[in-house]
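Asker: Quick one: this structure, given as structure tokens, is what I'll be asking you about.
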Amino acid sequence: MTEHDTDAELGTDGGTETSTDGGAGTEPERETTELDEPSTDEPISIAAPDIGAEAKQRVQSVLESGMLADGPEVRAFESSFAAYCGAERGVATSNGTTALHAALEAVGLEDGDAVITSPFSFVASANAIRLAGGTPVFADIDPETYTIDRAAVERILADRDDIAGLVPVHLYGLAADMDALRSIADDHDLFIVEDACQAHGAAIDGDRVGSLGDAACFSFYPTKNMTTGEGGIITTDRDDVADRAASFVNHGRDVGDGGSYDHVDLGHNYRLTSLAAAIGRAQLERLPEFNRARRANAMYYNEELESLPLETPTEPDGYRHVYHQYTVRTDDRDALAATLEDHGVDTGVYYGTPIHQQPAYETVSTAAATLPNAERASETVLSLPVHPDLSERDRRIVVEAVRDHFHSQ
């Protein structure tokens, strides 16, 4: 965290820094310099991981230390990332999917338990429930936020008495309605495991995701707001959950006895390497910078695309969107994507098939459900480049391509 952060970023010790916009409003544009003429043969990518010199130096230090697997570097990363989220404990894992699996095992999911989650997400959200022995039950999404709809959750709970927990997905960088979901969970004695794999630094009323449920899970895949190359982490305020997760990701070892060969439960090798943790520690220091740049790019798009016949992302009052993706909606999605490709702009469709319609989910009990908001979103969403390395030229080309498409109709 740098001393000049002024955009409602919370410090890594859980404190709050000076804010210029309350955390959810329009932010000042980044300073720009005169740009070189655009290259005509290099596309504007949908993602551009920025590792940086500091991360490379830290990796070199780990290489020279000889301690390449799990060790002090991982413990330091766990502590720093948990503090960034405002959580007490962190348990690093090999990727976001293993984080979800381990967290569900740690909160006590039992074979046959049903868990409500979103059908509009990367498939890992539901896969982890199945890997942990549970059954995903899909609740439809809010069409404005793309996150799980509280009314849909309540309807399921009115019809079923076998629900053990909730796995809300903070999608595209926007938190789910955690106030409502926590109230529901309290009323029905359910656990909550946040899928925060796309939401590093997202917040509600100043409280970061990662601190809003019984546990939360993040991914550090290269395209995420920060990366370790591959990696994940569980954050939690519950010592029992952290201890069980730490054991589960390390072959079920007794976590109170260091490197012992006492295996007290069944587990996996889901550990993060020290090399990945070294990258993660450097990336975490830059995460506020990355998120400010993503938000600045999103605000630029919001303003420049406002008059066009497409829906731009929603940021509810009190929420802080960190724009892992900048996702628009239009019935003309495929044609718009083709126009952008013609202009050298990469786009992405996240996600073109909702999970309940995936072939791997044909045998799941709620696969035949009608979930109109998720199904409609899958037909109309398109993500534009929003990553921190976009130049002013890049942003202008994206906007002009979108305008050209609609003005030519």
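Asker: Within the range 377-395, can you find the residues that are part of a helix (DSSP H, G or I) and farther than 17 Å from T312 by Cβ?
Answerer: The initial filter retains those residues of the range 377-395 that are part of a helix (DSSP H, G or I), namely 377-380, 392-395.
The answer is S378, E379, E392, R393, D394.
Asker: Being of a type in the set (S, T, Y), surrounded by 19 or more Cβ atoms within 10 Å (Cβ to Cβ) and under 25 Å from G173 (Cβ atoms) narrows it down to one of T347, T353, so name that one.
Answerer: After ruling out the rest, the residue left standing is T347.
Asker: Here is a follow-up. Can you name the residue in the range 216-252 that is within 12 Å of the chain's Cα centre (by Cα) and among the hydrophobic types (A, V, I, L, M, F, W, C) and is also surrounded by the most Cβ atoms within 10 Å (Cβ to Cβ) among such residues?
Answerer: C217
Asker: Would you please name the residue that is surrounded by the most Cβ atoms within 10 Å (Cβ to Cβ), looking only at residues in the range 359-387 that are at pLDDT below 95 and within 22 Å of P143 (Cα to Cα)?
Answerer: T366
Asker: Just one of (1) more than 17 Å from D162 (Cα to Cα); (2) surrounded by fewer than 24 Cβ atoms within 10 Å (Cβ to Cβ) trips up L100, so point out which.
Answerer: Among (1) more than 17 Å from D162 (Cα to Cα); (2) surrounded by fewer than 24 Cβ atoms within 10 Å (Cβ to Cβ), the lone unmet condition for L100 is (2).
Residues checked against (1) surrounded by 20 or more Cβ atoms within 10 Å (Cβ to Cβ); (2) among the polar types (S, T, N, Q):
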| residue | (1), (2) |
| --- | --- |
| D254 | no, no |
| D262 | no, no |
| L266 | no, no |
| N269 | no, yes |
| T273 | yes, yes |
| Q283 | yes, yes |
| R294 | yes, no |
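Asker: Looking at the structure I just gave you, is S247 assigned by TED's automatic domain parsing to the domain that holds G108, modelled with pLDDT of 95 or more and among the polar types (S, T, N, Q)?
Answerer: yes
Asker: Checking the structure you have, find out if any residue of the range 214-225 is touching a strand residue (DSSP E or B) at 6+ places or on another chain (Cβ under 6 Å), modelled with pLDDT of 95 or more, farther than 23 Å from S274 by Cβ and assigned to a loop (DSSP other than H, G, I, E, B).
Answerer: Within the range 214-225, one or more residues are touching a strand residue (DSSP E or B) at 6+ places or on another chain (Cβ under 6 Å), modelled with pLDDT of 95 or more, farther than 23 Å from S274 by Cβ and assigned to a loop (DSSP other than H, G, I, E, B).
The values are calculated or read from the model by the stated rules, or taken from the named source; none is laboratory data. Values in this document were obtained by computation on a predicted structure and should not be read as measured data. Ideal geometry is used to build each Cβ from the backbone, glycine not excepted, and the neighbour counts take in all protein chains shown.
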